[in-house]
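First the structure, in the form of C-alpha cells, and then the observations on it.
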Amino acid sequence: MAGVSAPPRAAVGVVIGVLAAAWAATGACAGPAARAPSGSATVQPATWTNSLGMVFQRIPPGRFTMGGTEAPEALARAFPALEPRRFHELADENPAHTVRIQRAFYLGRHEVTVGQFRRFLEASGYQPESEADGTGGYGYNPAYDPATTQRGDAFEGRDPRYSWCNPGFAQSDDHPVVNVTWNDAQALARWLSRTEGHHYRLPTEAEWEYACRAGTRTRYPHGDDPRGLLKTANTFDQEAAAFWPRWQQHALPGSDGHAFTAPVGSHAPNAFGLHDMLGNAWEWVSDWHGDTYYAHSPSSDPQGPADGSVRVRRGGSWHTWAFYARCGYRNWNTPQTRYTLVGMRLVREISPAR
Ligand SMILES: [Ca+2]
Ligand SMILES: [Ca+2]
C-alpha cells in the first residue's frame, strides 16, 4: 500500500510560489506558562478544561453507521473535476457497518494547538521526534520547486528548519500544531495522564468517525454539498488555490477565510460541539490501518487491527480537497511521520465509576 512515508496518500501537487508567508522559526517557539485546570471530572460536566487549557466535550455513547462509500457515479456527479479512478480507490471505506460506542468519553473540542503543545514541551522536557532524530519536518517555502525533487512532494522537507513550531507559514498559539508524529501524540497523552491522573489517549478510528458524524450520515456533518465546507471547515479553497494555482480546479468555489491553518474554532461546531473535525489539520487516531478491517471488525468499540505498519489519520486539512475531507475518508502514515498537514486531538476517558 502506498502512502507509508511522509507525503499524503492523496495526490500532492507542485508548489508555484507566490505571496510568501515567510516566517521565522523562533517566533512561535516561546510563549506563556500553562493555565490552571478548571472544571471537575467527578460530575461529568458537558465540557471540561485540562491543565494545558484544552477544552473537552462530553461525547455520549451511541450507535452509528461507519464507513461505506457511494456509487462512483454519484461521486463523479459531485466531484466532476476528479479522475474516475479516484472513486474506485476507496475500498478500505467499505463495507458500511454498525458500530456501538459503549461509553461516554471526553474529546477535545479543538485540535491540539501550538500553544498547548509548547506548554507540554516546557513542562515535560519531551523532545518532539522531528527534533530528536535531527531530520526535522516539512514546510511551505514559496521558492521550493517540487519538480526538482525525486518525490515531487508539495512541501519542502524533511528539513531541520521545519518542526512543530515552524511549518513554513505563520501560526499563532491558537492554531493547530502540525509536524507532530503519532509517537509525539502518545508522549503528550502519557504525560497528561501521569500529571493529571486522568487517562488520556488518541481516539480510536471509530470514536473519531462517530464524533465527526455527530448523528449524521452524509458526506459531511452539514450535508452532501462540498460547498458547505466553506462555512464549516478550513479546506482547499480559493485562498489556498492562490498559492497552488495548479490545483485551482479542485479548490472550492469560494473562501473559507484561510489559505493555511486557521485558529482552532474559526468555524461552527458540529452537533457534538466539536470544531474542525474536518479540515484545518489531519488528526492522528490510535488504530493501525487495515485495508479490509471493516469486513470483520467487532461491532462494539473496535480498536483497529492488532498490528500494522501505518497509523490512521482522519478528517483532511487546510490543504485537502473536499473529496478527501469527507467524514468516512481514511488515510495513514507511519507513526514517525511528521508533516505540514498533520496534527491531533485527544480523548480523556471518563471513569465508569463516576
Ligand atoms: Ca482554506
Ligand atoms: Ca481537523
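Only the coordinates and a few stated rules stand behind these numbers; no lab work does. Just so we're clear, the structure is a prediction, and the values are computed from it rather than from any experiment. A quick note on method: Cβ atoms are made from the backbone with ideal geometry, for glycine too, and the neighbour counts reach across all protein chains shown.
Numerical summary
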quantity: Positive-end residue, the chain charge dipole about Cα centroid, Cβ charges, pick of P253, S51, A154; calculated: S51
quantity: Estimated vicinal HN-Hα couplings, Hz - segment 145-161 in sequence order (Karplus 6.51, -1.76, 1.60; Gly, Pro = x); calculated: 10, x, 5, 8, 10, 5, 8, x, 5, 5, 10, 7, x, 4, 7, x, 6
quantity: Dipole magnitude of the chain about its Cα centre (Cβ charges: Lys, Arg +1; Asp, Glu -1), debye to nearest 20; calculated: 740
quantity: Whole-Å distance, taken between Cα centres, linking segment 68-106 and segment 109-183; calculated: 29
quantity: Gained length - R151 relative to R77, 0.36 nm times residue gap less alpha-carbon distance; calculated: 23.5 nm
quantity: Karplus (6.51, -1.76, 1.60) ³J(HN,Hα), θ = phi - 60°, over segment 173-185, in Hz, Gly and Pro reported as x; calculated: 4, 9, 8, x, 6, 10, 6, 10, 8, 4, 5, 4, 4
quantity: At R0 = 41 Å, FRET efficiency that the Cβ-Cβ distance of A295 and D133 yields, to 0.05; calculated: 0.70
quantity: Amide hydrogen neighbours beyond the local backbone of F105, cut-off 5 Å, H modeled; calculated: I59
quantity: Inter-probe distance in nm under a simple model that places probes 7 Å from Cα toward Cβ, at A170 and R100; calculated: 5.2
quantity: 3J(HN,Hα) from dihedral phi, segment 221-226, Karplus parametrisation 6.51/-1.76/1.60, rounded to Hz, x for glycine, proline; calculated: x, 7, x, 9, 6, x
quantity: Residue order, fewest to most beta carbons within 10 Å, for I101, I350; calculated: I350, I101
quantity: Contact order relative to length of the chain, as percent, for alpha carbon pairs under 8 angstrom and 6 or more apart; calculated: 25
quantity: Taking segment 177-259 and dividing mean pair separation by its residue count, relative contact order in percent (alpha carbons under 8 Å, at least six apart); calculated: 18
quantity: Lys, Arg +1 and Asp, Glu -1 on Cβ, resulting dipole of segment 131-281 about Cα centre, debye, nearest 20; calculated: 260
quantity: Charge dipole of segment 17-349 about the Cα centre (unit charges at C-beta), most positive-ward option of P80, V347, A281; calculated: V347
quantity: Backbone N within segment 73-107 under 17 Å of label point (7 Å from R217 Cα along the Cβ vector); calculated: 94-101
quantity: Long-range amide H partners of A262 with built H, under 5 Å; calculated: none
quantity: Amide H contacts of D224 (H built 1.01 Å from N, under 5 Å, at least 5 apart or other chain); calculated: R219
quantity: Translational diffusion of the chain, µm² s⁻¹ [Kirkwood Rh, Cα pairs; Stokes-Einstein; 10 °C; 1.306 mPa s]; calculated: 78
quantity: Ranked by how many other beta carbons lie within 10 Å on average, peptides 310-319, 79-88 from highest; calculated: 310-319, 79-88
quantity: Value of [θ]222 nm, deg cm²/dmol, for the chain, DSSP H segments ≥ 4, -39500 (n - 2.57) each, nearest 500; calculated: -4000 deg cm²/dmol
